[in-house]
Amino acid sequence: MQTILYADLIASFMSVSAEPIACQECGQLHRYSPLALGKTANCRRCGALLYRNRPDMLDSVLALTLAGLTLFVLTNVFPLLGLRAQGAEQELHLLGASLAFWDQGYPLLAGLIILNIIIFPLFELLTLLVVVLTIRYHWRSSTAIFLFRWMREFKPWGMLEVFMLGVLVAVVKLGDLATLIVGAAFWSFAGLVLTMAAATTLLDPFSVWRALGKNNG
Amino acid sequence: MAENEALLQCRVCGCLSHAPTQLKRFEVMHCPRCGARLKLAQQSTSVEETWALLIAAAILYIPANFLPIMSVYMLGAGQPDTIITGVYHLLEAGQWPLALIVFVASIVVPLLKLFTLSFLLISIQRRSRWRQHDRMRLYRITEYVGRWSMVDVFVIAILTGLVQFGNLARVDANLGSLSFAAVVVLTMFAARTLDEHLIWDVAQQEEELT
Ligand SMILES: [Zn+2]
Ligand SMILES: [Zn+2]
C-alpha cells in the first residue's frame, strides 16, 4: 500500500512538476509539486494557503455532505421555534422566517432571506455531492465544474451561521417576554451549521479544481 | 515557463492561461477550465465599480439608521425603533451582551466596511506600495466580517414571524430594515468587485505596460 502510494507520487511528480500555478490571494507564481499526505503548501509572498494533501478528503466531505442533506431536510420539516402567550401559540419554520418579510410587504427582503438560508445552502450541499461523486467515479466533469464554479461565487451569500446567531439573539430577546419552545429543527439546524463548516474546512478547492480539470473533455 | 510571460489567472478556479498578445475590441476571454470571464489588467473596471457600489451604500446608510427598522407592540402600545433606539432599549433592559452584538453587527461593521474599502480603493488609485501585507489582511477581514451584519435583518425576520398575537403582542418590520439590508448587500458586492490583487500588482502592472 505504502509503496504504491509512493510510486504514484513520483509518477505524478514527473509528469506535472513544471505546472505553473498562481496564488489565489496575491497572484504570485509558483510551480506545483505534489505534497506528502497531510502537508500544506503556502504562498512565498503572502503566506496564503495554496493547496493541501489531506488524507481521505473526498470520503470525509462525502460523509459530511450526506449528513448535511439529512439535517437540511429535518431542519425544513420541523418547527424551529415556538411561542406561547395566554393560550395562543405560534410556531416558526425556517421557511416561515424567510417569508415573514413577505407578509409585512417586503417581498425583496423575503427573497433575499430565502436565498441566504435555504437556496444557497442547499445548492452548496448538492454541488458538493455532485463534485465528490464526479471525482470519485471519474465521471465527465463539465456539470461538476459548472456547479462548483457557481457554488464558489455564491459562497458568501449562504448565511446559515449568521442566521444561527440571529436565532440565538431572538431566543434571548424573547426569553423574558413569553414561554419560548425550542423546536426540533433548532438542534438539526445547529448540526447543519457545524456539518457545513466542517465540510468547508476539509475541502481543498485547489485539489478539487485539479481533479475536475483532468476529467474534463 | 518564463516568469515574465503574460499569464492570466482565473479568479474563480485559479487556472492559469496565456494572455493573447492582442485582443480585438469587445472580444471576451473565458477561463479554459471553468468558463468564468477573464479580464486583462487594462480592462479592469474594478475600482470604478467598487466606488459606485460604495457610494450607493453610503447614501443608503443614512435612511438605514434614521428610519425605524422594527416596531414592537405590547397590549396595543409601542413605537417604531431605529437601530440605535433598539440598542438603547436592550441596554435599558439590562441585556448588554445582545446590545453589544447588535451594536457591532449593525452599526460598527457597516461603517467600518465603508471606511476600509474606501481607504483600500484610494491606496490602490495612488498606486501605493505601503504595507501591502497588512492591507491585504484588512481586505480579507472586511470581506469576511461583512455578511455578519445581516444578523439584525434575520432577528427582525424571526421576531415578525413569531410574535403575531394580534393586540396582545405584535412585531412589525419597517422600511429601515429594507435600506439596512441594501447597505449590507451593496457593501458585500463592493468587497467582491474590489480586485484585491490590485493591492499587490498596481506598480508591477505599470512596469509591464511600459
Ligand atoms: Zn500569495
Ligand atoms: Zn477558471
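Amide hydrogen proximity for A:ILE21: with H placed 1.01 Å from N in the peptide plane, the residues at 5 or more positions away or on another chain lying under 5 Å are A:HIS30, A:ARG31, A:TYR32.
Once the gyration tensor of the Cα atoms in chain A is diagonalised, the equivalent ellipsoid follows with semi-axes of 42, 17, 16 Å, ordered largest first.
Over the protein assembly as shown, accessible surface divided per residue gives 49 Å², non-protein components excluded, 1.4 Å probe. Would you mind giving the total buried accessible surface between chains B and A, with a 1.4 Å probe and ligands, DNA and RNA left out, rounded to the nearest 100 Å²? Buried area between the two chains comes out at roughly 5300 Å². The Stokes-Einstein estimate for the stretch B:1-146, based on a Kirkwood radius over Cα pairs and taken at 10 °C with 1.306 mPa s viscosity, is a diffusion coefficient of 82 µm²/s.
The stretch A:20-84 and the stretch A:162-188 have their alpha-carbon centroids 29 Å apart.
The stretch between A:LEU37 and A:ARG136 holds 33.8 nm of extra length on full extension. This uses 0.36 nm per residue minus the Cα-Cα distance. Computed over the alpha-carbon pairs of the stretch A:167-207, the distance histogram in 5 Å steps reads 5, 19, 18, 16, 13, 10, 8, 6, 3, 2, 0 percent, short to long. Per-residue 3J(HN,Hα) values for the stretch A:39-46, derived from phi via the Karplus relation 6.51 cos²θ - 1.76 cosθ + 1.60 with θ = phi - 60°, read 9, 10, 10, 10, 5, 7, 8, 10 Hz in sequence order (x marks Gly and Pro). Carbon-plus-sulfur accessible fraction, chain A (probe radius 1.4 Å, protein heavy atoms only): 65%. The Cα atoms of the protein assembly as shown cover 75, 55, 37 Å along the three principal axes, with the biggest extent listed first.
As a fraction of the 1.4 Å probe accessible area of the stretch B:45-209, surface on carbon and sulfur atoms comes out at 69 percent.
Using the Cβ-Cβ distance between A:ALA184 and B:LEU168 with R0 = 25 Å, the FRET efficiency computed as 1/(1 + (r/R0)^6) comes to roughly 0.45.
Evaluating 6.51 cos²θ - 1.76 cosθ + 1.60 at θ = phi - 60° for every residue in the stretch B:116-125, the Karplus couplings come out as 5, 5, 4, 4, 5, 4, 5, 5, 5, 5 Hz, glycine and proline recorded as x.
Anisotropy class assigned to the stretch A:97-217 is prolate, per the alpha carbon gyration tensor with a/c at or over the 1.5 cut-off and a/b larger than b/c. Largest GNM mean-square fluctuation across A:SER33, A:SER207, A:SER188, computed for chain A with C-alpha springs under 10 Å, falls on A:SER33.
The values are calculated or read from the model by the stated rules, or taken from the named source; none is laboratory data. Owing to the predicted nature of the structure, the values given are computational and were not obtained by experimental measurement. We place every Cβ from the backbone using ideal geometry, glycine too, and count neighbours over all the protein chains shown. Calculation scope for accessible area: heavy atoms of the full protein, side chains included, ligands and nucleic acids excluded. Shrake-Rupley method; radii C 1.70, N 1.55, O 1.52, S 1.80 Å.
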